[in-house]
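Read the structure below first, then the notes.
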Amino acid sequence: MPESDRVTRMENSEIAAALLEIGELLEIAGESVFRVGAYERAAITIRSLSRDLGDIYDEGSLKALQSIGGIGKSTAEKIEEMLTTGRCGYLEELRQSLPASLVTMIQIPGVGPKKIKLFYDELGIESIDQLEEAAKTGGLRELKGMSAKSEENILKGIAAYHEHHERILLSDAYPLAAKIVGELRRHPALEQADMAGSLRRFRETIGDIDVLASSAAPEEVMDAFESLPQVAEVIARGATKSSVRTRAGLQVDLRVVAPHEYGAALQYFTGSKAHNIHLRELARKHDLKISEYGVFQMPAEKRIAGATEEEVYATLGLPLIPAVLREDTGEIEAAAEGRLPKLLGVDDICGDLHVHTNWSDAMPTIEQVAEAAIELGYAYVAISDHAFKLPVAGGLTPQQLEEQMDAIAAANEKYPEITILAGSEVNIDNDGNVDFDEELLARLDVVAASVHAGFGQDRAQITARTIGAIENPHVEIICHPTGRILGKRDPFAIDLDAVFKAAAEHNTALELNSFPDRLDLKDDYLREAKRAGVKIAINTDAHHAEQLRFVEYGVVTAQRGWLEAEDVINTYPLEKLRGWLGRGSTPSL
DNA sequence: GCCGTTTTCGGCCCGACTGTTTTCAGTCG
């Protein structure tokens, strides 16, 4: 296919969005929940693909599309239409019968497809603003099943939507959740408490915080929970469950169960939804029923497990599946076949290969970086400041880089307990070349290269640039390969498949940037990279000494990508790392 | 709409809470 056509071709994210919208419109129209769910599942699957649907289609046409799990004939045909024409006739038809703006109302807490349909049919309401107006003027209470109370709740839901309809970063949610769990654990009536939900799975963004507790006195625990200083409002309260909204606008759900049910509840409450559905389907085939209360032998409903998660999985003949893997992307099959990965941990990390100092745009001195790295128990840390073609970040000139190498040599004298590596984060220009001449690059311990400009370039160009850097024998790591910033900037249109292939061939590592709003490469892509034989470097890109601790977010993301220690070059001891870098064992002084 | 070690048709995970319901629908996770 000529490049000019390729540029206009719909991308995975656009196709996924179209399928999701189809599902949402069908849901509002009152279609079967299974049909709706099929579109939703297809959209989720497509979002997690690292390969472009266009490439898959070019290679194997409709049949290749259908070989993707959850995509059948009908969806494959719609994808084909979108790829070849850039349009989806079925979606356009649906938009004729129902206004597309209705789908945004699904995001209002407490408002679902049935009510949206009701408001549209009876009152012609098509937008959140119109709904708000109707609720304020008492226009909804006349409708069947509605009252003044319902209007009040809808207004609350709209306020919550405006305040907080985007997911928040893992790094924002985690400390808050840890504090809440910590406070609950101090309560005398409490037996156990843990985070659950997407937070326990360490997803990169979090919709709400789920907390699970066990106690013989649930009322007391829920009272204590609702009295926490962070709580602004109690949304719902039942016998076992309490939902609150924090002052920051975040919803926190607490579920309190009996101690003997804790494992089943933790399993259920951790999710993901798709993992649980798959697990429960599997259970049914074994004449078992899994719920948050336990595992039951059917049809007698005899309870056979539930105190621990291990027990729950064991009833299906499975080992405990780590929470980070529970996304129904093959972990249940892998567990059954005894091939779950041996996930790496923070303790496996021996050093950080991408840290900035006050020589360029960051705060800490070389010495402060060294001390922070020593505190983390690292064997090495690489100073990789910006290079001169990025003047906005105070990039180092060749002269300054040489001076910095001397300063690093001096710091190595001062801190014998750690090896400070001389590195650089060079810029990949439009032709795939990088800063500094070969002689200078060769004298460094490690060179990392990044795309820092031209994010909007087309796929061919941005891919070619990156591959140019991968092929450069002096470049060992490609930093933040997709350039995304969560909530701010989309990934650029890079062909990761081609990048993985080149990186594997030239033995160039790709970075997992641990900055909480980057996490780039992301989990799904890490897994694809591993399959392609690519090595990963889990770096922080720290600009403050404290940010070296962001490595924890990188490690959990790596776990979600099924990575093992051997896949990650900075789990290697110094000599092995030097061997991999191919720069010999003589420090560059 | 998808899918198949009971099926190419007939299923599709399971339960809590709210509000307005006198037995349940809608929403949520």
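The values are calculated or read from the model by the stated rules, or taken from the named source; none is laboratory data. Only a predicted model underlies this, so the values are computations on that prediction, with no experimental measurement involved. FYI the Cβ positions are ideal-geometry reconstructions off the backbone, even for glycines, and counts take in every protein chain you see. For accessibility, only protein heavy atoms count, side chains too; no ligands or nucleic acids. Shrake-Rupley method; radii C 1.70, N 1.55, O 1.52, S 1.80 Å.
Only one of these conditions is not met by A:ASP208: (1) among the charged types (D, E, K, R); (2) near DNA strand B (Cβ under 10 Å from one of its atoms); (3) open to solvent by less than 30 Å² (accessible area, probe 1.4 Å). Which number is it?
(3)
Just to be sure I understand the filter: pairs with C-beta atoms under 7 Å, separated by 6 or more residues or on different chains, first member in segment A:109-122 and touching a residue at least 24 places away in the same chain (Cβ under 8 Å), second member near DNA strand B (Cβ under 6 Å from one of its atoms) and part of a helix (DSSP H, G or I). Which pairs pass?
As it stands, the answer is A:GLY110/A:ASN153, since those pairs meet every condition given.
Among the residues of segment A:544-578, which ones are within 23 Å of A:GLU417 (Cα to Cα) and open to solvent by 40 Å² or more (accessible area, probe 1.4 Å)?
Of everything in segment A:544-578, those that are within 23 Å of A:GLU417 (Cα to Cα) and open to solvent by 40 Å² or more (accessible area, probe 1.4 Å) turn out to be A:HIS544, A:GLU546, A:ARG549, A:PHE550, A:GLU552, A:PRO573, A:GLU575, A:LYS576.
Which residue out of A:ASN507, A:ASN472 is in the same structural domain as A:TYR380 (by TED's automatic domain parsing), out of contact with any Cys (no Cβ under 9 Å at 6 or more places or on another chain), at positive phi and surrounded by fewer than 24 Cβ atoms within 10 Å (Cβ to Cβ)?
A:ASN507
Can you pull out the residues in segment A:240-264 that are at pLDDT 90 or above and over 21 Å from A:ILE290 (Cα atoms)?
Correct list: A:SER242, A:SER243, A:VAL244, A:VAL252, A:ASP253.
Okay, residues lined up against (1) open to solvent by 10 Å² or more (accessible area, probe 1.4 Å); (2) in the same structural domain as A:SER214 (by TED's automatic domain parsing); (3) closer than 30 Å to A:ALA42 by Cβ:
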residue	(1), (2), (3)
A:THR270	no, no, yes
A:LYS273	yes, no, yes
A:HIS278	yes, no, yes
A:ASP287	yes, no, no
A:GLY294	no, no, no
A:GLU301	yes, no, no
A:ALA307	yes, no, no
A:ARG326	no, no, yes
A:GLY330	yes, no, yes
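Return the only residue of A:VAL355, A:VAL369, A:VAL346, A:VAL381 being over 23 Å from A:THR557 (Cα atoms) and either of a type in the set (A, V, I, L, M, F, W, C) or under 26 Å from the mean Cα position of the chain (by Cα) (or both).
Details: A:VAL355 fails: over 23 Å from A:THR557 (Cα atoms); A:VAL346 fails: over 23 Å from A:THR557 (Cα atoms); A:VAL381 fails: over 23 Å from A:THR557 (Cα atoms).
One residue alone meets the criteria, A:VAL369.
Any chance segment A:396-410 includes a residue that's open to solvent by less than 50 Å² (accessible area, probe 1.4 Å), farther than 30 Å from A:LEU316 by Cα and hydroxyl-bearing (Ser, Thr, Tyr)? Break it down into steps so the answer makes sense when it comes.
In the first step, residues of segment A:396-410 are kept if they are open to solvent by less than 50 Å² (accessible area, probe 1.4 Å); the result is A:396, A:401, A:404-405, A:407-409.
Retained after the next criterion (residues that are farther than 30 Å from A:LEU316 by Cα): A:396, A:401, A:404-405, A:407-409.
Subsequent filtering for residues that are hydroxyl-bearing (Ser, Thr, Tyr) retains none.
Scanning segment A:396-410 turns up no residue that is open to solvent by less than 50 Å² (accessible area, probe 1.4 Å), farther than 30 Å from A:LEU316 by Cα and hydroxyl-bearing (Ser, Thr, Tyr).
What number of residues within segment A:76-135 are open to solvent by 70 Å² or more (accessible area, probe 1.4 Å) and over 26 Å from A:SER13 (Cα atoms)?
Total satisfying the criteria: 8.
Return only the number of the condition from (1) over 24 Å from the mean Cα position of the chain (by Cα); (2) more than 9 Å from DNA strand B (Cβ to nearest atom); (3) closer than 23 Å to A:GLU40 by Cβ that A:GLU233 does not satisfy.
In the conditions (1) over 24 Å from the mean Cα position of the chain (by Cα); (2) more than 9 Å from DNA strand B (Cβ to nearest atom); (3) closer than 23 Å to A:GLU40 by Cβ, A:GLU233 misses (3) alone.
Of everything in segment A:113-153, what is charged (D, E, K, R) and near DNA strand B (Cβ under 9 Å from one of its atoms)? Give them in sequence order.
Answer for segment A:113-153, where residues must be charged (D, E, K, R) and near DNA strand B (Cβ under 9 Å from one of its atoms): A:LYS114, A:LYS115, A:LYS117, A:ARG141, A:LYS144, A:LYS149, A:GLU151, A:GLU152.
Just for helices (runs of 4 or more DSSP H) wholly inside segment A:49-112: which have at least 3 residues that are near DNA strand B (Cβ under 8 Å from one of its atoms)? Quick ask: steps written out before the conclusion?
On the way: elements: A:53-66, A:73-85, A:89-97.
Passing ranges, in order: A:73-85.
Condition first: under 30 Å from A:THR45 (Cβ atoms), over 21 Å from the mean Cα position of the chain (by Cα) and more than 10 Å from DNA strand B (Cβ to nearest atom). Can you find one or more residues in segment A:252-263 that meet it?
yes
What residue, among those in segment A:1-41 that are open to solvent by 80 Å² or more (accessible area, probe 1.4 Å) and not in a helix (DSSP H, G or I), is modelled with the lowest pLDDT?
A:MET1
State which residue pairs qualify: first residue under 15 Å from A:ALA264 (Cα atoms) and inside segment A:275-294, second residue open to solvent by 40 Å² or more (accessible area, probe 1.4 Å) and near DNA strand B (Cβ under 6 Å from one of its atoms) in any location, beta carbons under 6 Å apart, and separation of 6 or more residues or different chains.
These pairs meet every condition: A:ILE290/A:ARG280.
Looking at A:SER424, A:SER384, which one is out of contact with any helix residue (DSSP H, G or I) (no Cβ under 9 Å at 6 or more places or on another chain), at pLDDT 95 or above, open to solvent by less than 10 Å² (accessible area, probe 1.4 Å) and not charged (D, E, K, R)? Let's see the steps before the verdict.
Working: A:SER424 fails: out of contact with any helix residue (DSSP H, G or I) (no Cβ under 9 Å at 6 or more places or on another chain).
Result of the check over A:SER424, A:SER384: A:SER384.
So which residues in segment A:335-371 are outside any loop (DSSP other than H, G, I, E, B), at pLDDT 95 or above and open to solvent by 20 Å² or more (accessible area, probe 1.4 Å), if there are any at all?
Of everything in segment A:335-371, those that are outside any loop (DSSP other than H, G, I, E, B), at pLDDT 95 or above and open to solvent by 20 Å² or more (accessible area, probe 1.4 Å) turn out to be A:LEU343, A:VAL346, A:ASP347, A:ASP348, A:GLU367, A:GLN368, A:GLU371.
Starting from segment A:338-350, take each residue that is without any contact (Cβ under 8 Å) to a residue 24 or more places away in the chain and list its partners that are of a type in the set (Phe, Trp, Tyr) and buried (at least 18 other Cβ atoms within 10 Å of the Cβ), counting only C-beta distances under 9 angstrom and pairs at least six apart or across chains.
A:LEU340/A:TRP562
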